[in-house]
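Below: the structure, in structure tokens.
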Amino acid sequence: MQSNSTTQPTSNSQYVDSRMQTDVSVNIFIGFSILIPMIVFVGFNIYKKHRAAVLSQQIASLEKLWLLNIKKKRA
């Protein structure tokens, strides 16, 4: 007795395809869920460092100006 096994697409293959599509969508969503907070965190830290550098430059220029004013008043 021989068994007749043929490989024909069944209705189950459409279920597998839609499941794969769902898995891809979920993977993309999870990827963005992880990636977006990381980008926000890195951007926030870069902004804080930039603001600290600008503030220290402003303080340095104000100190120079203050020292010039003191020298003027003494002279």
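The values are calculated or read from the model by the stated rules, or taken from the named source; none is laboratory data. Values in this document were obtained by computation on a predicted structure and should not be read as measured data. Please note: Cβ atoms are built from the backbone with ideal geometry, for glycine as well, and neighbour counts cover all protein chains shown. Just so you know, the surface numbers come from the protein's heavy atoms only, side chains and all, with ligands and any DNA or RNA stripped out. Shrake-Rupley method; radii C 1.70, N 1.55, O 1.52, S 1.80 Å.
Using the Cβ-Cβ distance between LYS71 and ASN45 with R0 = 35 Å, the FRET efficiency computed as 1/(1 + (r/R0)^6) comes to roughly 0.30. Accessible area per residue for the stretch 16-75, computed on protein heavy atoms with a 1.4 Å probe, is 97 Å².
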